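**Student:** Here you go, one structure.
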Amino acid sequence: MINDGTNVINPMAREMAPRISIEAGTPYIARDPELIAGFFDGLVLVEPGVVSSRRLGPKVPGRPCGSGRIGMGRMPCSGRC
């Protein structure tokens, strides 16, 4: 399972975040959603696939969709499954 932030909702804020996190001593780099999905290459994605993190949480009216992506994959079956 991977749950990671992206740089798609507020690009300016996401450009500032790595600099601030490095200055704080905990480097974090936001990734493009396509790069996060690429981490699952060679695996079988578990439904619903790689989706917005908020899609899997409770629905809150008026809350923005969020930019994080979450997904889960498993090794392909190779025989007796």
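**Student:** Only one residue in ARG54, ARG63 is surrounded by 10 or more Cβ atoms within 10 Å (Cβ to Cβ), in contact with a Lys or Arg (Cβ under 8 Å, 6 or more places away or on another chain) and modelled with pLDDT under 75, so which one is that?
**Tutor:** ARG63
**Student:** Could you tell me whether any residue of the stretch 8-30 is in contact with a Cys (Cβ under 8 Å, 6 or more places away or on another chain) and either touching a residue at least 12 places away in the same chain (Cβ under 8 Å) or not β-branched (Val, Ile, Thr) (or both)?
**Tutor:** Within the stretch 8-30 (the criterion being in contact with a Cys (Cβ under 8 Å, 6 or more places away or on another chain) and either touching a residue at least 12 places away in the same chain (Cβ under 8 Å) or not β-branched (Val, Ile, Thr) (or both)), the answer is yes, since at least one residue qualifies.
The values are calculated or read from the model by the stated rules, or taken from the named source; none is laboratory data. This structure is a prediction, so every number in the text was calculated from the model and none was measured. Methodologically, a virtual Cβ is constructed for each residue, glycine included, from the backbone with ideal geometry; neighbour enumeration extends over all protein chains shown.
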